[in-house]
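This report refers to the structure that appears directly beneath it.
The values are calculated or read from the model by the stated rules, or taken from the named source; none is laboratory data. The structure displayed is predicted, hence computed values, not measured ones. Here the Cβ positions follow ideal geometry from the backbone for every residue, glycine too, while neighbour counts run over all protein chains shown. Side chains included, ligands, DNA and RNA excluded: accessible areas come from the protein's heavy atoms. Shrake-Rupley method; radii C 1.70, N 1.55, O 1.52, S 1.80 Å.
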Amino acid sequence: MPSGNLDTLRRKSKACRDCPLWRHATQTVFGEGPQHASIVMIGEQPGNHEDIAGKPFVGPAGQLLDRAMEEAGLDRAQIYLTNTVKHFKYETRGKARLHKRANASEQAACRQWLAAELLRVHPRIIIGLGAMAAQTMFGNAFRITKERGRWQQLGDDVRGLATWHPSAVLRMPKEERRHEAFAELVEDLSKVADALADLGPS
């Protein structure tokens, strides 16, 4: 596992060549937020906007997540946001760069960085956004469609839950289902806000 504090990890991650994704990505997209945040929120992998900006959750999915957090009573500034995979994987269609899911070996190569982030931040609550993040945290048998919003014990003083990734909400073809999924996302994040309040001052 990489050593050093978060700033050192961020610098080291820029030189990672452990899988092929670095070859076509603009840059590594490392986590961002308070170094001792009580909550770590884990997404799946950077998208086009994140690849360009070098920051997690800055595109349309990030905007939807911000709206959901605001409705749930969570402050993004108090949360450490990161992704399971740190490079943008895509396929080109014309001039567009379309998201493509990282495969199992690419995900495995990146887990060292996520593990190092969690070790340094040492959160009390971990939120997995989407199936990839959920299975990384809770195992390959986890099914977000069945177990979304349920607390899982991750250690003596750490628990987590999984919920919809905001990009999945945006991709849902029917408007009515998008509204339902957004409400479910807010509901799950409200549970997180309540749990954070129970922890008291950090």
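General observations
- Considering each residue of segment 86-96 in turn, at least one proves to be more than 26 Å from ALA197 (Cα to Cα) and among the hydrophobic types (A, V, I, L, M, F, W, C).
- Residue that is of a type in the set (D, E, K, R) and closer than 17 Å to VAL40 by Cβ, where the choices are ARG178, ARG171, ARG159: ARG159
- Counting residues in segment 66-78 that are of a type in the set (Asp, Glu) and either on the phi > 0 side of the Ramachandran plot or assigned to a loop (DSSP other than H, G, I, E, B) (or both) gives one or more.
- Subset of segment 137-146 that is without any contact (Cβ under 8 Å) to a residue 40 or more places away in the chain and not small (Gly, Ala, Ser) - its residue that is most open to solvent (accessible area, probe 1.4 Å): LYS146
- Conditions (1) modelled with pLDDT of 95 or more; (2) open to solvent by 70 Å² or more (accessible area, probe 1.4 Å); (3) in a loop (DSSP other than H, G, I, E, B): number failed by THR28: (2)
To keep it simple, each residue is scored yes or no on (1) modelled with pLDDT under 95; (2) open to solvent by less than 70 Å² (accessible area, probe 1.4 Å); (3) hydroxyl-bearing (Ser, Thr, Tyr).
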| residue | (1), (2), (3) |
| --- | --- |
| ASP156 | yes, no, no |
| LEU161 | no, yes, no |
| HIS165 | no, yes, no |
| PRO173 | yes, no, no |
| HIS179 | no, no, no |
| GLU187 | no, no, no |
| ALA193 | no, yes, no |
| ALA197 | yes, no, no |
| PRO201 | yes, no, no |
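- Selection within segment 87-136 - among the small types (Gly, Ala, Ser), surrounded by fewer than 17 Cβ atoms within 10 Å (Cβ to Cβ) and touching a residue at least 12 places away in the same chain (Cβ under 8 Å): SER105, ALA115
- Test: ASP7 is acidic (Asp, Glu) and either open to solvent by less than 10 Å² (accessible area, probe 1.4 Å) or touching a helix residue (DSSP H, G or I) at 6+ places or on another chain (Cβ under 8 Å) (or both): no
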